[in-house]
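Asker: Mind having a look at this structure? Questions to follow.
The values are calculated or read from the model by the stated rules, or taken from the named source; none is laboratory data. This structure is a prediction, so every number in the text was calculated from the model and none was measured. Cβ placement follows ideal geometry from the backbone for every residue including glycine, while neighbour counts extend to all protein chains displayed.
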Amino acid sequence: MEGTLKILVIDDDPGALAVLASGLEDLAQVSTAENGQEGLALAAISQPDIVLLDIELPDINGFDVCKRIKEQAYTKVPSVIFITSHHDYETERKALEMGGIDFITKPFDLTLCRARVNNHLQLKLQERAVISARRQIEEERQYLKVILNSIADAVIATDEEGKITFINPVAQRLTGWHKDSAIGLPIGEVMVISDATTNQPLPNPVEIALKEKRVVAMALNAKITNRLGREYRVEDSAAPIRDKQQNLVGCVIVFQDVTESIALATQMTHLANHDQLTGLPNRMLLHDRVLQSISRAQISRKSVALLLIDIDNFKYLNDALGHSVGDIVITQVAQRLEHLCDTETTLARVGGDEFVVMIPEINSHNVTDIVAMDIIEAIQEPFSISGEEHKLSVSVGISFYPTDSSNAEELMRHADTAMYRAKTTGKNRYCYFSTNLQLELNERVSIEKSLRTALENESLIVQYQPKYNLVSGTITGAEALVRLAGEDGSMIPPDKFIGFAEESGLIHELGRQVLQQSIQTAKKLERQGHPLKIAVNISAQQFHESDICNQLEDMLNEAALPSHLLELEVTESALMTDFEETRDILTQLSSLGISIALDDFGTGYSSLSYLRMFPLDILKIDRSFVKDMLADEQAKNIVDVIVHLAHSLGLKLVGEGIETAEQWETLKQINCEEGQGYYFSKPINENDFFSLLANEPQVV
């Protein structure tokens, strides 16, 4: 066993061997040899802790055996105790010189012999303990060294005077100093620290930690410049090293290279605050700069101007030419706008086709007039993309702090309101925010909310204006007219919400619900014995839906309403979008048995060719001509031409906006078959229309 003490006895006297073996066996494991050669062989095998060696052996004398044992590379060198019957000085001297540590004399005193051997065995045990402790300490030292050399952080240790005692590989790389050169040097010479912005030298944390005897972190924004002149951004902390008695014996500093982390953080901050396509500040950074400008304006008592720029009709260009071309246009627009801005002005991209110019601390609003006009003129210059020129325009809304906005959010919102007004009044212009604009915006928001609520709840109001035979005065049908109830219960006229419905795309659902209600009303009329035709206005967007014919057929089938009791009124603009597509749709609708009326004829294109080519059934004379025909000869001549044209094409005529008996009589005389207007009846709800049919089916 590795932990068992071993004794080797080498003696040519068998009696001596027997006495020593039996007398020492309780102290250690004992093996014996009768001559020098055998003893050397056993020593190599058993590796004894103690060798009891007789000086006078038959083959090799004890001194030579001792020498050869000492020279052999055993795992452990045994202690040699010589056995001798000699007591002379020369023998003892030579034994000690050969490496002996004690003597046992013959004849043996077994008690004294055991005591001597036992003492040396105890020394061997202590020696083993010391060796084990040293090995453990060395293993721990090597383990800690491996850890310090393996960690990703740089580590430098110093003595109490700040001179380097240890530097790991990472620290060697960052400082540019090899450990052999760095050890013993002052920390400040190896680790040169300065401010990353100003390049001003900074105190080394080790020096502070040693002086103030506390943990010290490196200053923010610090860098080290290594021996080769390369710079690294670093973060670190230094701590004093104390012994068990808490005496200061040195310092250790741990630092890491954060150059890439800081660069990545800087890049991420830039990405978070800038538009990726143009590199301009985004909405977040703009908001921060507006807040700063407002704070400065409060002190200087000057104004902050915010110009919101929107590219007119950009969506159509983007859809027609593709997003890649759209991105090029946005980039070129940004470049042109940048040329107009000085260093104090902020240009930001806040949306797909929206930019903001923020001018801080202006004295006169005249400045914004000049800037806005420059912007409009710059964008009007053609854009050349892939050899083709594209013309653009912008609408600009302008708001001021503190004149009409009290904070950053209002400033942006009011500029948006002004920009919307610039668009609705013709585009390619700029507009200032005003209180009236805000009231209009509030009204628009209220109407939008009411419309969305009505569509969601299917609570649109459909009224019916009766149509009359102008000769007999009897009711021949009605036109369905949609109305919207406001939040306060008041009626919102169509010209207030139809335009918004078209802009927002809600016109499709609005048209579907009006058609649904109108068909249901027509079915009720048929069941009550009044098979009257109901005319429904259909928008250009709804008319060109890909499945409009299928929708109408499904609605008619679901209500079991004969198709000839439904009439669709379309405007000239709806028919002029795509000739072939329009003709196909009208043909399909006619094949279903649905009547087609051309609404407001004479106010639009008034193309004679489509009157001939399209399968139309009814021509409606616009109310503007009906109103003026008695007082304006030109208006009367236009009405005559429309009537003559309709009759020659076999189209039925309906006069709109009849408000007097004279208008009725005039239309009747020129053979206009039907008419409607306030002279006969205003638009009324379904129940009132049913009552009118029951009580007054003929006008008096």
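Asker: Right, Ala480: out of contact with any Lys or Arg (no Cβ under 8 Å at 6 or more places or on another chain), surrounded by fewer than 18 Cβ atoms within 10 Å (Cβ to Cβ), hydrophobic (A, V, I, L, M, F, W, C) and without any contact (Cβ under 8 Å) to a residue 60 or more places away in the chain or not?
Answerer: no
Asker: Here's something else I'd like to know. Could you list, in sequence order, all residues of region 201-234 that are of a type in the set (Lys, Arg) and assigned to a loop (DSSP other than H, G, I, E, B)?
Answerer: Within region 201-234, Lys213, Arg214, Arg227, Arg230 qualify.
Asker: Among the helices (runs of 4 or more DSSP H) contained in region 277-363, which hold 3 or more residues that are in contact with a Ser or Thr (Cβ under 8 Å, 6 or more places away or on another chain), within 24 Å of Glu389 (Cα to Cα) and in contact (Cβ under 8 Å) with a residue 40 or more places away in the chain?
Answerer: 323-339
Asker: Thr577: surrounded by fewer than 14 Cβ atoms within 10 Å (Cβ to Cβ), within 30 Å of Cys549 (Cβ to Cβ), β-branched (Val, Ile, Thr) and touching a residue at least 12 places away in the same chain (Cβ under 8 Å), yes or no?
Answerer: So Thr577 passes the test.
Asker: I've got another one for you. Every residue in region 22-36 that is without any contact (Cβ under 8 Å) to a residue 40 or more places away in the chain and surrounded by 15 or more Cβ atoms within 10 Å (Cβ to Cβ), please.
Answerer: Scanning region 22-36 gives Gln29, Val30, Ser31, Thr32, Ala33, Glu34, Asn35, Gly36.
Asker: Quick check on region 518-525. Is at least one of its residues crowded, with 16+ Cβ neighbours inside 10 Å, of a type outside the set (S, T, N, Q) and more than 27 Å from Leu692 (Cα to Cα)?
Answerer: no
Asker: Can you tell me which of Glu509, Glu487 is more than 17 Å from Phe690 (Cβ to Cβ), at pLDDT below 95 and part of a loop (DSSP other than H, G, I, E, B)?
Answerer: Just one listed residue meets the conditions, Glu487.
Asker: For Thr587, only one of the following conditions fails: (1) under 21 Å from Leu653 (Cβ atoms); (2) more than 49 Å from the chain's Cα centre (by Cα); (3) modelled with pLDDT of 90 or more. What is its number?
Answerer: Among (1) under 21 Å from Leu653 (Cβ atoms); (2) more than 49 Å from the chain's Cα centre (by Cα); (3) modelled with pLDDT of 90 or more, Thr587 violates only (1).
Asker: So, one more: With the requirement that a residue be modelled with pLDDT of 90 or more, touching an Asp or Glu at 6+ places or on another chain (Cβ under 8 Å) and not in a helix (DSSP H, G or I), what does region 431-462 give you?
Answerer: Phe433, Val462
Asker: Then there's this: If I filter region 610-636 down to residues being of a type in the set (Asp, Glu) and free of Cβ contacts under 8 Å to residues at least 24 places away in the same chain, which single residue comes out as nearest to Gly593 (Cα to Cα)?
Answerer: Only one residue fits best here, namely Asp628.
Asker: Could you tell me which numbered condition Ile670 fails, if it satisfies all but one of (1) within 29 Å of Ser518 (Cα to Cα); (2) touching a residue at least 24 places away in the same chain (Cβ under 8 Å)?
Answerer: Ile670 satisfies all of (1) within 29 Å of Ser518 (Cα to Cα); (2) touching a residue at least 24 places away in the same chain (Cβ under 8 Å) except (1).
Asker: Looking at region 36-46, can you tell me whether even one residue there is in contact with a Leu (Cβ under 8 Å, 6 or more places away or on another chain), assigned to a strand (DSSP E or B) and within 15 Å of Gln72 (Cβ to Cβ)?
Answerer: Within region 36-46, not a single residue is in contact with a Leu (Cβ under 8 Å, 6 or more places away or on another chain), assigned to a strand (DSSP E or B) and within 15 Å of Gln72 (Cβ to Cβ).
Asker: Can you name every residue in region 122-181 that is modelled with pLDDT of 80 or more, basic (Lys, Arg), under 25 Å from Arg242 (Cβ atoms) and surrounded by 12 or more Cβ atoms within 10 Å (Cβ to Cβ)?
Answerer: Lys163, Lys179
Asker: Determine, yes or no, whether Arg413 is charged (D, E, K, R), part of a helix (DSSP H, G or I), in contact (Cβ under 8 Å) with a residue 40 or more places away in the chain and more than 30 Å from Leu653 (Cβ to Cβ).
Answerer: Judged against the criteria, Arg413 is not a match.
Asker: I want to confirm something. Restricting to region 627-676 and keeping residues that are charged (D, E, K, R) and in a helix (DSSP H, G or I), which single residue is farthest from Lys467 (Cα to Cα)?
Answerer: Once the filter is applied, the top-ranked residue is Glu633.
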